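The structure appears below as structure tokens.
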Ligand code: TYD
């Protein structure tokens with residue numbers, strides 16, 4: 001495959017979506033074709049699966065069902081959108097991919113990392129990203145960004161969320177240690193331009209290496 005597949009991960013308020021936009025602009029200006037996507041990626045089947053996952057009435061959904069559905073949605077997005085773009089030689093920037101499931105379903109929902117990895121390996125058949133950038137923003141900083149709307153105080157619910165976010169954050173740090181070659185930790189608490197530059201540096205190594 002000729003293109004480069006890069007995924008972005010982070011906790012809430014990590015700013016990955018804005019960072020991805022900046023990185024996209026950078027590579028487009030350099031003359032590359034860039035696909036910016038996120039699950040379900042506008043793929044009809046994946047959208048329908050996502051509706052089932054997110055439907056507030058589906059309170060009885062079992063965590064493993066949720067993990068399977070995320071994996072199913074991911075596969076269809078991969079097959080219909082990501083792989084064809086890679087075959088055309090494009091740079092694919094994907095906002096969340098398999099690592100979100102490993103952390104959210106595997107660690108935070110308590111299914112277990114190995115089980116969720118197994119399901120996802122079945123779904124993606126080793127199409128792991130070439131590079132994954134974990135935008136490292138500490139949960140308390142990310143939450144502050146999210147909740148720093150004037151007049152809003154951090155309440156009990158937000159504090160509960162803070163525990164959840166800490167779990168997710170620690171999960172990502174674990175993953176960085178487990179896959180040091182694929183997942184790079186990018187310090188993310190500075191200005192967006194600085195964070196984007198750090199990402200570009202990592203991606204440029206990979207992209208230039210892949211191009212003749
Ligand atoms: P999303 O709407 O993409 O929000 P964000 O801006 O945080 O990326 O994601 C919705 C939520 O779904 C988010 O809290 C992460 C979670 N999620 C999982 O639990 N498992 C997954 O595999 C993915 C892709 C997302």
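Look at (1) within 13 Å of the ligand (Cβ to nearest atom); (2) under 17 Å from residue 127 (Cα atoms) and you find that residue 20 fails only one, number (2). Could you please find all residues in the range 23-43 being away from the ligand (no atom under 16 Å from the Cβ), surrounded by fewer than 16 Cβ atoms within 10 Å (Cβ to Cβ) and either within 20 Å of the chain's Cα centre (by Cα) or not in a helix (DSSP H, G or I) (or both)? Those that are away from the ligand (no atom under 16 Å from the Cβ), surrounded by fewer than 16 Cβ atoms within 10 Å (Cβ to Cβ) and either within 20 Å of the chain's Cα centre (by Cα) or not in a helix (DSSP H, G or I) (or both): 25, 30, 31, 33.
In summary, no strands (runs of 3 or more DSSP E) completely within the range 86-192 bear 3 or more residues that are at pLDDT 95 or above, within 11 Å of the ligand (Cβ to nearest atom) and touching a strand residue (DSSP E or B) at 6+ places or on another chain (Cβ under 8 Å). All of 74, 56, 64 fail the test of being without any contact (Cβ under 8 Å) to a residue 24 or more places away in the chain and outside any strand (DSSP E or B), apart from 56. Residue pairs whose Cβ atoms lie under 6 Å apart, sitting 6 or more positions apart in sequence or on different chains, and linking a residue in the range 13-40 that is without any contact (Cβ under 8 Å) to a residue 60 or more places away in the chain to a partner that is within 11 Å of the ligand (Cβ to nearest atom) and assigned to a strand (DSSP E or B), are 37/94; 38/95. Inclusion of residue 73 among residues that are touching a strand residue (DSSP E or B) at 6+ places or on another chain (Cβ under 9 Å) and within 11 Å of the ligand (Cβ to nearest atom) is not warranted. If the condition is being on the phi > 0 side of the Ramachandran plot and in contact (Cβ under 8 Å) with a residue 12 or more places away in the chain, then the range 91-125 contributes 96, 110. Scan the range 48-76 for residues that are farther than 22 Å from residue 11 by Cα and within 17 Å of the chain's Cα centre (by Cα) and the total you get is 3.
Among the residues making up the range 1-22, those that are outside any helix (DSSP H, G or I), closer than 12 Å to residue 133 by Cα and modelled with pLDDT of 95 or more are 5, 6, 7, 8, 9, 10. All of (1) within 22 Å of residue 13 (Cβ to Cβ); (2) out of contact with any helix residue (DSSP H, G or I) (no Cβ under 7 Å at 6 or more places or on another chain) hold for residue 132 with one exception: (2).
The values are calculated or read from the model by the stated rules, or taken from the named source; none is laboratory data. Computed from a prediction, not measured in an experiment: that's the story for all the values here. Cβ: placed from backbone, ideal geometry, glycine included. Neighbour counts: every protein chain shown.
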